[in-house]
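Quick notes on the structure that follows.
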Amino acid sequence: MTKLLIIAIDGPAGSGKSTTAKALARRLAYNYLDTGALYRAMAWKMLMEEIDLNRASDVEQCCESLEIRLSLLGKATEVFVDGADVTPFLRRPEVTKAASVISALPCVRKKLLSIQRTIGEKGGIVAEGRDIGTVVFPGAEFKFFLDADISVRGNRRYQDLESAGVSSDPETTTKTVSARDLKDSSRLCAPLKRADDATLIDSTLLSAEEVVELMFQQIAPAIAPQ
Ligand code: DC
């Protein structure tokens, strides 16, 4: 039987984490966990409840009352908040912005950390995010850090938005991506950074298939039946 490992993929927005993590999970017959979807779901709930992010007690209460369930099979990580499927709302620009803000809050990270660890405890998972290899699963058997030039990342994000029917332009999208990276990597709590033992892959000139192949070549010997 194939070994059930934990594969961690971190990197900034537009580096290709989701596409490659999904494809790698399919190839390994593992579950795919999009941890950004958890932050987005928490942000969605806070927006819906019109929580003032400057009021620590309201933020904490919202975190504590979050009842979240994930479905990891299929194309996307489906997220249910208080029983309702919120997946269709998670890529909206206002949710994206709020997710970056609330992800700097320690109570949010604490709540979502335990959820992520519970999901991954049996292994057999490809998890992607910002702090998977450093904080969530520091003992993951394989860790990758994906990066790409900012112009390429901005353009990829622009294409994503276009195909989701959100109107934007490449220049504004690139600026937004760049600002979000700065926020994600400069926050005090679990900032975006490469784990010392993560393999760096620059996807600027690589297709998603080539990135998955590089990852798979590294993992294959460890999952081969003995
Ligand atoms: O990967 P994404 O764009 O869906 O992530 C949305 C936000 O959530 C991102 O700005 C940073 C935050 N995030 C995080 O802080 N840690 C993670 N493991 C995943 C996402």
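Values in this text are rule-based calculations from the coordinates and carry no lab data. None of the values given here were measured: they were computed from a predicted structure. All Cβ positions, glycine included, derive from the backbone under ideal geometry; neighbour counts span all protein chains shown.
Descriptive notes on the structure:
- Note on D82 and K122: the extension gain reaches 11.9 nm, defined as 0.36 nm multiplied by sequence separation minus the Cα-Cα distance.
- Measuring between their Cα centroids, the range 182-226 and the range 72-134 lie 18 Å from each other.
- Taking the three principal axes of the alpha carbon atoms in the range 1-57, the coordinate ranges are 49, 25, 16 Å, sorted in descending order.
- From most to least packed by mean Cβ count within 10 Å, the peptides 87-94, 24-31 give 24-31, 87-94.
- Over the C-alpha atoms of the chain, the Rg to Rh ratio, Rh being the Kirkwood estimate, stands at 0.95.
- Of all lysines in the structure, those lying under 17 Å Cα to Cα from K111, and not within fewer than 8 positions of it along the same chain, are K45.
- Paramagnetic reach from R92 (point 7 Å along Cα→Cβ, amide N under 15 Å) across the range 35-56: 40-51
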